[in-house]
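This report concerns only the one structure given below.
The values are calculated or read from the model by the stated rules, or taken from the named source; none is laboratory data. As the structure is a prediction and not an experimental result, all values here were calculated from the model. When we count neighbours, we look across all protein chains shown, and the Cβ atoms used for this are built from the backbone with ideal geometry, even at glycine.
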Amino acid sequence: MAESTTFYCLRCQNRFPVQYDPKEVKERSCPRCGSNSVRKETPAAAETQARSPSVKIG
Amino acid sequence: MMDAGRHPKVELLTDSEVEEISGFVGNFRARIRRKARYVDEKACTSCGECAKVCPVVVPDEYQQGLSSRRAIYLPFPQAVPSSYALNMSDCLGVRPIACGKCVEVCDKKCIDLDMEDRFLDIEIGTIVVATGLDVYDPRAQDEYGYTRFENVITSMEFERLICAGGPTGGHLIRPSDRKTPKRIGFVQCVGSRAPARAAPYCSNVCCMNTVKDTLLISEHDPDAVSHVFYTDMRAFGKGFEDLYRRSREAGVRYVRGLPGHVKQDPKTGDVRVTVENTLTGDLERYEVDLLVLSVGLVPKKNGGNKVKELLALSSTSDGFLLEAHPKLKPVDAPTRGVYFAGCVEAPKDVKDSVTQASAAAARAGALLAAGRVKIEAITAEIEREGCNFCGRCARVCPYHAITESDKKRGLYPVVIQAACAGCGTCAAECPNDTITMRHFTDLQLLGQVDAILEEKPMEKVVAFACNWCSYAGGDTCGTSRLQYPPSVRLIRTMCSGRVDEDFVWHAFEKGAPLVLVSGCHFSDCHYISAVTWTQQRVEKIWIQMEKLGMRPERLQLDWISAAEGQKFARVMRQMDELLKQITPEEVEQSKKAVAEFLRQKREKLEKRKAKAAEGAGALAAAALEKS
Ligand code: SF4
Ligand SMILES: [Zn+2]
């Protein structure tokens, strides 16, 4: 079942909601910069983000 | 059909079902169930005496249920073979025989009620899948009142009513009172272009079918008036615009808007249609004698999925079968030696179906005439040593080119060379590194990583690019004279699926500040679904990077098509910008962390390999003992 989840972009650090079904592997892109380096935001991901200065485009 | 039936080199197996298919291009084996027909098709002369005495009356499917047939019947006038068939689910019963009248009257004695299904095993070189489609059931769109109102019919039913071979001999009548309708309405896009309620796609044929029907009506009865309620008329084929113009000139009224409300007058049987005319913005009411719902085309339900499973085919999100490549191989299935014809691949009209069928026959014929297939030079090879029968390779191969392994029986997985397309996904996914990709070996690719990072690694981006899309996108970028920074160094693989996670780790271990994995967009993947494994692998690496205290941003992913030269240049500029934000300190730190991680990984791999070798030794000993 798809549910609304927050994804974030590893290029511009944009956070955005997506309908996410873990069983479904599909192409995703960042609505702001168009990059495909996007992933689900997990507590671990958020922690790493907070710990380090993020590389960022735009 | 008759020509095919008469052709000395065509064997038509009607009323048959494919039960099993195995093998690969040039060497398929199929098991076919030939359903019992209960009539000897060679002896039957279609005299029809049997049907005359059969007491069972059921709706005739061919005539859309508008007339009836018997339990023993000729499916339709031009049926090949021209022989009667007994539908056992309609018959009163044969065990014990409940009626048997047909047997009694058949002079030729061609009815055999004891007939049983037979199985046929055949060897075939190529396969053309032409299993067709179904039509949309408009009951789901209840506002049109199909089946609630007698005078609301589908375009398929209309087809039978106006056909000379139909139940009324081509005399158009309406179901409620058998009167000839003078005012006919057509509703377009029933079941099509409605993502929320039915199919999201355009069914391709309905507009022109309606245009043709309106012309037929005006030929049958010049006084009849047709109204077509549409979203927009699509007449893009050869001669179609002309047909559409002729229909308008014949007085057919085209109303832009779909009915919101349909009701049949219980006394007169007339159908009242309320529609918002989107050209004028007015709410208009029409009264017609007969309303025809132009139903869309949907993927075949019965049988369609079975064929898909048997041939390991995939389908697009709309349910039609996925071709190997939408532009370069539009009639080929991703499984080599399998081709598509007709609506199994997408909704299409007769002309397009014939064109595709001819192309499929030519593709299959060329392959058969050659008598051998050219296989890829770049294929995978599995070394038994180290294989622990995990089965991952067979699971990930998009072509089902790897045989299933079985530890108990000592069956190692084997790559069927004729079926392997060379994506390299298996080699990248094998946890024991026992798969070698010819011409794109680990050694070759790691060597390129080493060469890139040998000097001034902090100024380099290691970018893996797939041959067909992102690398070709780089070519487009170059031929368009677009510039991209020299810091990006490309390593070509056939598919991004080949990019083993070890390549990425190796690059980080050697001091790469930034790695990019790029490949085709999912819909363009040259290797069916290999790109999906790339994405999953990269996601896995991101998680591991976090565990090692690395910023996942240092591994980037992008899908770039061959036509996206501008995107290629933009992504590479972004890589250069990202590169400048990575510090030598963090690279040094991660080098150590990755080196330790890889050391542990290698240790585990060695242990697994040693265990696998032990297992292999035991298997060999058991086999020796058995022999
Ligand atoms: S290289 Fe690709 S196509 Fe060939 S066996 Fe491996 S996964 Fe299958
Ligand atoms: Zn972004």
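Structure notes:
- Per-region count, the stretch B:545-582, residues assigned to a loop (DSSP other than H, G, I, E, B) and either under 13 Å from residue A:35 (Cβ atoms) or touching a residue at least 40 places away in the same chain (Cβ under 8 Å) (or both): 9
- Residue B:385 being in contact with a Gly (Cβ under 6 Å, 6 or more places away or on another chain), at pLDDT below 95 and closer than 23 Å to residue B:414 by Cβ: no
- Candidates are the residues of the stretch B:381-413 that are closer than 15 Å to residue B:437 by Cβ, of a type in the set (A, V, I, L, M, F, W, C) and more than 14 Å from chain A (Cβ to nearest Cβ); the one that is farthest from ligand 1 (Cβ to nearest atom) is B:382.
- Among the residues of the stretch B:297-318, those that are in contact with a helix residue (DSSP H, G or I) (Cβ under 8 Å, 6 or more places away or on another chain), in a loop (DSSP other than H, G, I, E, B) and of a type outside the set (A, V, I, L, M) comprise B:300, B:314.
- Condition check for residue B:183: within 27 Å of the chain's Cα centre (by Cα) and of a type in the set (D, E, K, R): no
- Condition check for residue B:557: more than 11 Å from every other protein chain (Cβ to nearest Cβ), within 28 Å of residue B:423 (Cβ to Cβ) and not acidic (Asp, Glu): no
- Condition check for residue B:550 on (1) crowded, with 24+ Cβ neighbours inside 10 Å; (2) within 14 Å of another protein chain (Cβ to nearest Cβ): one failure, at (1).
- Selection from the stretch B:414-462 of residues that are touching a Gly at 6+ places or on another chain (Cβ under 7 Å), away from every other protein chain (no Cβ under 14 Å) and within 9 Å of ligand 1 (Cβ to nearest atom): B:423, B:424, B:428, B:437
- Residue count for the stretch A:1-26 under the criterion of being assigned to a loop (DSSP other than H, G, I, E, B) and either without any contact (Cβ under 8 Å) to a residue 24 or more places away in the chain or away from chain B (no Cβ under 13 Å) (or both): the result is 9.
- Residue B:539 vs. criteria within 13 Å of chain A (Cβ to nearest Cβ) and either under 22 Å from residue B:582 (Cβ atoms) or modelled with pLDDT of 95 or more (or both): yes
Residue-wise test of (1) under 29 Å from residue B:424 (Cβ atoms); (2) within 18 Å of the chain's Cα centre (by Cα).
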position	(1), (2)
B:307	yes, yes
B:347	no, yes
B:356	no, yes
B:361	no, no
B:372	yes, no
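- Leading residue by the ranking (nearest to ligand 2 (Cβ to nearest atom)) among those in the stretch B:386-441 that are touching a His at 6+ places or on another chain (Cβ under 9 Å) and more than 17 Å from residue B:531 (Cβ to Cβ): B:394
- Tallying residues that are in a strand (DSSP E or B) and within 12 Å of residue B:339 (Cβ to Cβ) within the stretch B:115-134 yields 3.
- Residues within the stretch A:30-41 that are more than 8 Å from ligand 2 (Cβ to nearest atom) and assigned to a loop (DSSP other than H, G, I, E, B), tallied: 2
- Filter result for residue B:219 (at pLDDT 95 or above and not hydrophobic (A, V, I, L, M, F, W, C)): no
Table: residues versus (1) modelled with pLDDT under 95; (2) within 25 Å of residue B:470 (Cα to Cα); (3) surrounded by 12 or more Cβ atoms within 10 Å (Cβ to Cβ).
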| site | (1), (2), (3) |
| --- | --- |
| B:544 | no, no, yes |
| B:558 | no, yes, yes |
| B:570 | no, yes, yes |
| B:584 | no, no, no |
| B:595 | no, no, yes |
| B:614 | yes, no, no |
| B:618 | yes, no, no |
| B:622 | yes, no, no |
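- Qualifying residue in the stretch B:481-500 (condition: aromatic (Phe, Trp, Tyr) and within 23 Å of residue B:575 (Cβ to Cβ)): yes
- Subset of the stretch B:515-536 (residues that are aliphatic (A, V, I, L, M) and either within 16 Å of ligand 2 (Cβ to nearest atom) or on the phi < 0 side of the Ramachandran plot (or both)): B:515, B:516, B:517, B:530, B:531
- Filtered residues of the stretch B:505-536 (kept if more than 20 Å from residue B:446 (Cα to Cα), within 14 Å of chain A (Cβ to nearest Cβ), assigned to a loop (DSSP other than H, G, I, E, B) and touching a strand residue (DSSP E or B) at 6+ places or on another chain (Cβ under 8 Å)): B:520, B:521, B:525
- Filtered by the rule that a residue be more than 14 Å from chain A (Cβ to nearest Cβ), under 35 Å from the mean Cα position of the chain (by Cα) and closer than 19 Å to residue B:487 by Cβ, the stretch B:560-606 gives a lone residue, B:565.
For every residue, the table says whether it meets (1) surrounded by fewer than 18 Cβ atoms within 10 Å (Cβ to Cβ); (2) not aliphatic (A, V, I, L, M).
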| site | (1), (2) |
| --- | --- |
| B:61 | yes, yes |
| B:79 | no, no |
| B:85 | no, no |
| B:88 | yes, no |
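- Taking the numbered list (1) away from ligand 2 (no atom under 13 Å from the Cβ); (2) at pLDDT 85 or above in turn, residue A:51 passes all entries but (2).
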